[in-house]
Every structure is written in C-alpha cells, then in structure tokens.
Amino acid sequence: MLLLTSVEFVVFLEVSIVNVALPTLGVALAFTETGLAWVVNAYQLTFGGFQLVAGRAADLLGRRRMFQAGIALFTVGSLVCGLA
C-alpha cells in the first residue's frame, strides 16, 4: 500500500508540474488558452495510453520486471525534463 501511495503521489506531482509550467509555455511558444488545454490533454492521453500498454506488457513479461523498467524510464524522463 505504501508503494502504491508513493506512485500515485509521483503521478500527481508530475501533473501538477505540467499545470504550473503552462503560463511559461504559453508565453515562450505563443500558445492560446486552447493550445495550452491541448498540452494538458496530450500529456494525459499519452500517459493513459502508456498505462494500458504497460499493463498488458506486465501481464506478458511479469509485473516486477515492468515495474522496474517503468521506474527507470520515469527517472530518466524526469531527469531529461528537469535539465531542459
């Protein structure tokens, strides 16, 4: 339960980071309010799509292996985003 709670916290944190970055993105990329809404929608749709694919892969390859791969990928992605 502690693991699932911590994962949900990280997901919530990532969505919050995207929402906090929206004003800066809007100014830097000259997005309209509609364009900024699509940034959030694209992020959430991509995230949900990867969850479906990862769930199926976990059924085929094993939950532990997929969890470890997901944590590694998430860490690398967060590092790249932080450096950007």
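In this structure, does L60 turn out to be more than 15 Å from the chain's Cα centre (by Cα), loosely packed, with under 10 Cβ neighbours inside 10 Å and without any contact (Cβ under 8 Å) to a residue 12 or more places away in the chain? Break it down stepwise before answering.
Numbers: more than 15 Å from the chain's Cα centre (by Cα): yes; loosely packed, with under 10 Cβ neighbours inside 10 Å: yes; without any contact (Cβ under 8 Å) to a residue 12 or more places away in the chain: yes.
Criteria met by L60.
Tell me which of these T46 doesn't satisfy, since it passes every other one: (1) of a type in the set (V, I, T); (2) surrounded by 13 or more Cβ atoms within 10 Å (Cβ to Cβ); (3) more than 19 Å from A84 (Cα to Cα).
(2)
All of the numbers you see were taken from the coordinates with simple rules; none came from a lab. Quantities reported herein were computed from a predicted structural model and do not represent experimental measurements. Cβ atoms come from the backbone with ideal geometry, glycine included; neighbour counts cover every protein chain shown.
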